[in-house]
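Please read the structure below before turning to the comments.
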Amino acid sequence: MRFDELSIPEEVRQGIRDAGFSECTPIQEQTLPLTLGGKDVAGQAQTGTGKTAAFLITLFTRLLENKDNSTHQPRALILAPTRELVVQIEEDAQLLGRHCGLVTQAIYGGVDYMKQRSALREGADVIVGTPGRLIDYLKQKVYSLKGIEMLVIDEADRMFDMGFIADLRFILRKLPPYDKRQNLMFSATLSLRVMELAYEFMNMPQKLSVTPEKMTAERVEQVLYHVSRKEKFPLLLGLLRRTGMERTMIFINTKREAEYLFDRLNANGFPCRVISGDVEQRKRMRILDDFKQGKLPILIATDVASRGLHIEGVTHVINYDLPQDCEDYVHRIGRTARAGSEGKAISLADEDGAFFLEAIEEYIKDKIPTEWAEDELFVNDYVRTPRPKRKPLEAKTGGSRGRGGERTARPARSGSVKPKPAAVAAPPSPTAATEGATGEAPAKKRRRRRRKPGEKAEPGSAAAPQAE
């Protein structure tokens, strides 16, 4: 099906031509006839199938029916789980909606707080954002959701995985009634919990699925190497030197291992950068821009970058660590072979990763081809770098915290000043029992006896003479 066959305004058609689209993808061919007619849709499709363009075309078509926005309040809301996906959707919206005269604003954490707040106050027709900061501005009454005409939830399954479901429900309860707006939801898997959310907040959604029998992209060449943990880096160097990878993404499971790999690759002549959840958002965006523009040949990433990113020209994806979640494998290798191009996905299975291989192959319903690396492929004469040391937990606090958050003293080191022993209490005096409540001893009363004639006074008595 061609886009010319659909009932789309001319302003949207111009944006489609600017993007270079002419033929509909399977997900677009199934969803657009329904969504352009005002139906709610819950769609299942794998990454890179064009679902972003499908809901953006529907969104702009609906908003162009009534351009009046005198209240300057948002009319459409797009929710996404990650900042990178929000930025990607905004870029696609700017391209497809270039001729529509609508204002699109991205809202996400990690960037200038007051700048986004001011942009919302000035007014926006379409908001694309992550739940956290959207709720923050909503509680401050910076904007209102009462005028929302269309709702889009992208990567709904990822919302559950990242723990956003409570925030998502909070936002959805602030929207107009479900029958007063159009609702679209897209997810890699339409599980029971995702469909429960759809039936709760959508108006009789039409369930669609275009996931093929083969879960992975057809143009991705997959290969698997079984290798020990100590031989992974020598093999990686050999692969990078032999294949001449122009634009490569290397996925790794933990941030600490990603930083260690970053040090070793740079020390051996392979410039690269790392993006993870702990990297500042501005820095992450600069790294991604350099990678997209070809200034950076190698990008090391944790799974924060495995979903939603559309980077053209990625020739190779390397799973330095096999993912523990089988769905992440599909999203990782989906970064290559996008928009009809070809790519290669290389996986390294060590002693730990081999345990995840069976679940991955069962999920993708296919066997990953295995190759055995030749001895000359391993590079052993590489520059060694020390592994970064773990920071001690008590280095900054000077002590540990006990139960209830109270700080406990650290044991004294040898040679340090020892605390003085407590003073030993003196044995009670005979008059202790006669002490009053004030702690003072009462005056001692003595009976005076009349002295007999000729009797000497007792020493120490009042009548005895005092020595000078």
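Where a number appears in this text, it was derived from the coordinates with a stated rule and is not lab data. Worth saying up front: this structure is predicted, and the values here are computed from it rather than measured. Here the Cβ is made from the backbone with ideal geometry for all residues, glycine too, and neighbour counts use every protein chain on show.
Annotations
- Beyond 14 Å, the tail of the calculated P(r) for the stretch 91-146 holds 53 percent of the Cα pairs.
- Unit charges on C-beta of K, R, D, E only; dipole of the stretch 220-377, Debye: 840 debye
- Calculated log₁₀ intensity ratio I(q)/I(0) where the Debye formula runs over C-alpha points of the stretch 220-377, q = 0.09 Å⁻¹: -0.26
- In the distance distribution for the stretch 1-82, Cα-Cα pairs more than 17 Å apart total 49 percent.
- Note on the stretch 351-375 and the stretch 74-97: Cα centroid distance 35 Å, given to the nearest whole angstrom.
- Packing around the peptides 71-78, 225-232, taken as the average count of other Cβ atoms within 10 Å per residue, puts them in this order, highest first: 71-78, 225-232.
- Net charge dipole size for the stretch 168-270 [Lys, Arg +1 and Asp, Glu -1 on Cβ; Debye, nearest 20]: 260 debye
- About its Cα centre, the dipole of the stretch 3-209 is roughly 840 debye, where the only charges are +1 on Lys and Arg Cβ and -1 on Asp and Glu Cβ.
- Whole-percent pair-distance distribution, where bins are 5 Å wide, for the alpha carbons of the stretch 110-180: 3, 13, 27, 25, 20, 10, 2, 0
- Cα-projected label distance for residue 17 with residue 203, points at 7 Å along beta-carbon direction, nm: 3.3 nm
- Order by protection proxy (mean Cβ within 10 Å, highest first), peptides 380-389, 58-67, 172-181, 7-16: 58-67, 7-16, 172-181, 380-389
- Within-11-Å neighbourhood charge of residue 252 [Cβ basis; K, R +1; D, E -1]: 0
- Taken over the alpha carbons of the stretch 234-281 as equal point scatterers, the Debye sum produces base-10 log I(q)/I(0) values at 0.16, 0.29, 0.32 Å⁻¹ of -0.47, -1.29, -1.40.
- Of 115/146; 39/139; 344/367; 51/367; 146/180; 115/141, pairs whose Cα-Cα distance is over 19 Å: 115/146; 39/139; 51/367
- The rule of thumb for compact globular proteins, 2.2 N^0.38 Å, goes into the C-alpha radius of gyration of the stretch 3-209 0.95 times.
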